[in-house]
Amino acid sequence: MSATSIEWTMFTWNVLAGCTRVSQGCVHCYAELMAWRHVLMCRALGRRCKYEGTVHLVGGEPRWTGVLNFDEASLDLPLRRKKPATWFVNSMSDLFHEKV
């Protein structure tokens, strides 16, 4: 769970990490770049990253690898909230990916 500055939601909830490019609509995917930034940040800090292996560089640009990582630790995050909230579910992956 992450508090967000996205105006229409209060939190993001990403139980999955990763995706696969499937169409031209994926060319400017913001999540691909954000996942790569997460990987670099985690590596610099020596931390485990749920996006590790889901994205790599191709021609200097981040690209999804097709690997999906399941973040079991975040599965019950909405249940821990005591007050109602608006959630952006899987902003960093495809909940309907063929591997799900």
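The values are calculated or read from the model by the stated rules, or taken from the named source; none is laboratory data. What you see is a predicted model; the values in this text were computed from it and never measured. Cβ sites come from the backbone with ideal geometry, for glycine too, and all protein chains shown count toward neighbours. Side chains included, ligands, DNA and RNA excluded: accessible areas come from the protein's heavy atoms. Shrake-Rupley method; radii C 1.70, N 1.55, O 1.52, S 1.80 Å.
Using θ = phi - 60° and the Karplus relation 6.51 cos²θ - 1.76 cosθ + 1.60, list the HN-Hα couplings for region 66-73 in order, rounded to whole Hz, with x at every Gly or Pro.
Using θ = phi - 60°, the values come out as x, 7, 10, 10, 9, 9, 4, 5 Hz.
At what distance in nm do the modelled label points of Arg43 and Glu61 sit from each other, each positioned 7 Å from its Cα along Cα→Cβ?
My value for the distance between the label points is 2.0 nm.
Report, to the nearest whole %, how much of the accessible area of the chain belongs to carbon and sulfur atoms, 1.4 Å probe, protein only.
Using a 1.4 Å probe with all protein chains present, the chain comes out at 58 percent carbon and sulfur.
Mind telling me which of Leu16, Leu68, Leu77 comes out most flexible in a GNM of the chain, alpha-carbon contacts under 10 Å?
Leu77
Count charges around Asn14 for me, please; just the other residues with Cβ under 13 Å from its Cβ, Lys/Arg as +1, Asp/Glu as -1.
Neighbourhood net charge equals -2.
For Cα pairs less than 8 Å apart in space and 6+ apart in sequence, what is the mean separation divided by the residue count of the chain, i.e. the relative contact order in percent?
After rounding, I find 44 percent.
Hey, what's the chain come to in accessible area per residue, 1.4 Å probe, Å²?
Each residue of the chain exposes 67 Å² on average to a 1.4 Å probe.
Show me, bin by bin at 5 Å from 0, the whole-percent P(r) of the chain based on Cα pairs.
Going out from 0 Å in 5 Å bins, the chain shows 2, 13, 21, 24, 20, 13, 5, 1, 0, 0 percent.
Spit out the partnerless Cys residues in the chain, using Cβ distances under 4.7 Å as the pairing rule.
If one checks each Cβ against the other cysteines of the chain, Cys19, Cys26, Cys29 turn up with nothing under 4.7 Å.
Mind listing the phi-derived Karplus ³J(HN,Hα) values for region 84-95, rounded to whole Hz, using 6.51, -1.76 and 1.60 with θ = phi - 60°, and x for any glycine or proline?
The phi angles translate into x, 8, 9, 10, 9, 8, 6, 5, 10, 6, 10, 4 Hz.
Taking the Cα atoms only, what angle lies between the long axis of helix 30-45 and the longest principal axis of the chain, rounded to 10 degrees?
Approximately 90 degrees, to the nearest 10.
Kindly provide the helix-only [θ] at 222 nm of the chain, computed as the sum of -39,500 (n - 2.57) over DSSP H runs of four or more divided by all residues, to the nearest 500 deg cm²/dmol?
Estimated from H runs of four or more residues: -6000 deg cm²/dmol.
Name the long-range amide H neighbours of Val55: under 5 Å, sequence gap of 5 or more, or other chain; modelled H, no Pro or chain starts.
Those qualifying (amide H under 5 Å, at least 5 residues apart or on another chain) are Thr65.
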